[in-house]
Amino acid sequence: MNRVDVLNQAEQLINGPRAKDYGDARENFGRVAQVWSALLDQDIKPEQVALCMTALKMCRLARTLDHGDSWLDAAGYIALGGEIATENKIK
C-alpha cells in the first residue's frame, strides 16, 4: 500500500461505508464530544474527538505497525478533523 492508496482508500471509507454506517462525521463527532464533555467535566469539541481517535489508532499501530486498517482509519480521522476544524475559516 503506497501513500496514494492510503489516502484514496481512506477517502473512500469516510465518504462511503463509514458515512453510511455512522452518518455525518460532524454530527457523530458532536455526539461523542457531548458524551466525553459530560464524562470529563470539560468542553470537548468535535475536532478534538477526531484528534483523540487518531491518537487511539496511533497507539494501536505502535503495537502492530503492519495493520493496514488502522493506517486508513488514522488518515480518515485526520481528514475529517481537519475539515471540521477549518470549515468556517476563510481560505
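The values are calculated or read from the model by the stated rules, or taken from the named source; none is laboratory data. Just so we're clear, the structure is a prediction, and the values are computed from it rather than from any experiment. Backbone-built Cβ (ideal geometry, glycine too); neighbour counts: all protein chains shown.
Test G82 against the stated conditions and say whether it is surrounded by fewer than 17 Cβ atoms within 10 Å (Cβ to Cβ), in contact with a helix residue (DSSP H, G or I) (Cβ under 9 Å, 6 or more places away or on another chain), among the small types (G, A, S) and in contact (Cβ under 8 Å) with a residue 60 or more places away in the chain.
no
Does N28 fit the bill of being farther than 14 Å from I84 by Cα, at pLDDT 95 or above and among the polar types (S, T, N, Q)?
The answer is no for N28.
Within segment 10-30, take every residue that is of a type in the set (G, A, S) and either in contact with a helix residue (DSSP H, G or I) (Cβ under 7 Å, 6 or more places away or on another chain) or assigned to a helix (DSSP H, G or I) (or both) and give me the one that is farthest from S70 (Cα to Cα).
Per the stated criteria, the residue is G30.
Working only within segment 35-46, note down all residues that are part of a helix (DSSP H, G or I) and either aromatic (F, W, Y) or surrounded by fewer than 14 Cβ atoms within 10 Å (Cβ to Cβ) (or both).
Of everything in segment 35-46, those that are part of a helix (DSSP H, G or I) and either aromatic (F, W, Y) or surrounded by fewer than 14 Cβ atoms within 10 Å (Cβ to Cβ) (or both) turn out to be V35, W36, A38, L39, L40.
(1) over 12 Å from the mean Cα position of the chain (by Cα); (2) closer than 22 Å to A85 by Cα; (3) in a helix (DSSP H, G or I): which one isn't true of R60, the others all being true?
(2)
Looking only at residues in segment 31-57 that are in contact with a helix residue (DSSP H, G or I) (Cβ under 7 Å, 6 or more places away or on another chain) and among the small types (G, A, S), which one is nearest to G81 (Cα to Cα)?
A50
How many residues are touching a residue at least 40 places away in the same chain (Cβ under 8 Å) and aromatic (F, W, Y) if we restrict to segment 9-47?
Of the residues in segment 9-47, 1 are touching a residue at least 40 places away in the same chain (Cβ under 8 Å) and aromatic (F, W, Y).
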